[in-house]
Amino acid sequence: MNTRWKPNVTVAAVIERDFDGVQKFLLVEEETRDGLRFNNPAGHLDPGESPLQACVRETLEETAFHFTPTALVGVYLSRFERTQAGHDEPLDITYLRFTFCGELGAHVAGQPLDKGIVRALWLTVDEIRASAPMHRSPLLLTSLEDYLAGQRFPLDVITTDPSILLRK
């Protein structure tokens with residue numbers, strides 16, 4: 001094999017809020033080629049940013065909420081295959097996902113959401129589990145279950161070398 005394998009690096013946020021004694025989690029509903037799907041606030045790592053910075057940015061862009069990561073819930077590796085029109089071979093994508101939990105900040109009224117995001121919504125654990133066929137990724141439920149089980153790692157387990165920030 002002469003081609004180096006390069007997984008797509010993504011980030012996601014598990015954000016919990018209490019609504020009068022009812023625990024709910026912030027998700028996004030987004031348009032995909034498979035129709036409307038639910039996902040954590042999530043997205044790709046951009047050049048020149050750390051996973052923490054990417055998670056803060058993606059959460060704001062997709063939900064209009066500020067977010068401060070306080071712990072790493074987990075690092076997940078998953079593979080996705082999708083048929084491609086006009087191609088015999090399916091599109092084969094591997095994702096390396098860093099999922100964080102943290103503190104919800106202020107809502108930015110009037111901020112437009114990313115292209116494809118229909119809305120941000122709050123769902124209970126039972127509603128999320130019941131909507132599994134609508135999940136964009138199986139990692140939504142996997143990372144939520146890890147969060148509910150108390151899995152947390154300190155943020156300093158992730159090191160971003162300063163050379164990343166010097167990218168031109």
Per residue accessible area of segment 1-111, 1.4 Å probe, in Å²:
55
Would you please name the trypsin sites (Lys or Arg not before Pro) within segment 1-70 that are DSSP coil residues with at most 12 other C-beta atoms within 10 Å of their C-beta?
R4, R33
Mean-square fluctuation maximum in Gaussian network of the chain, Cα pairs under 10 Å, restricted to T63, T99, T32, hits T32
Mind running the shape call on segment 83-168? Use the C-alpha gyration tensor, a ≥ b ≥ c as the square roots of the eigenvalues: rounded below 1.5 for a/c, prolate if a/b tops b/c, oblate otherwise.
rounded
How much length would be gained if the chain were fully extended between E145 and W5, taking 0.36 nm per residue of separation minus their Cα-Cα distance, in nm to one decimal?
47.5 nm
Within segment 121-164, which trypsin sites (Lys or Arg not before Pro) sit in a loop by DSSP and count at most 14 neighbouring Cβ atoms inside 10 Å?
none
Model label zone, F153; criterion: amide N under 11 Å from point 7 Å along Cα-to-beta-carbon; scope segment 35-78:
72-77
Out of the total accessible area of segment 1-78 (probe 1.4 Å, heavy atoms of protein only), what percent is carbon and sulfur?
49
At 0.36 nm per residue, and after removing the present C-alpha to C-alpha distance, how many nm does the segment from Q111 to L123 gain when stretched out fully?
2.2 nm
Separation between the D34 and A71 pseudo-spin-labels, each 7 Å from Cα along Cα→Cβ, expressed in nm?
3.0
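The values are calculated or read from the model by the stated rules, or taken from the named source; none is laboratory data. What you see is a predicted model; the values in this text were computed from it and never measured. Using ideal geometry, Cβ is built from the backbone for each residue, glycine included, and neighbour counts are taken over all protein chains shown. These area figures cover heavy atoms from the full protein model, side chains too; ligands, DNA and RNA do not enter into them. Shrake-Rupley method; radii C 1.70, N 1.55, O 1.52, S 1.80 Å.
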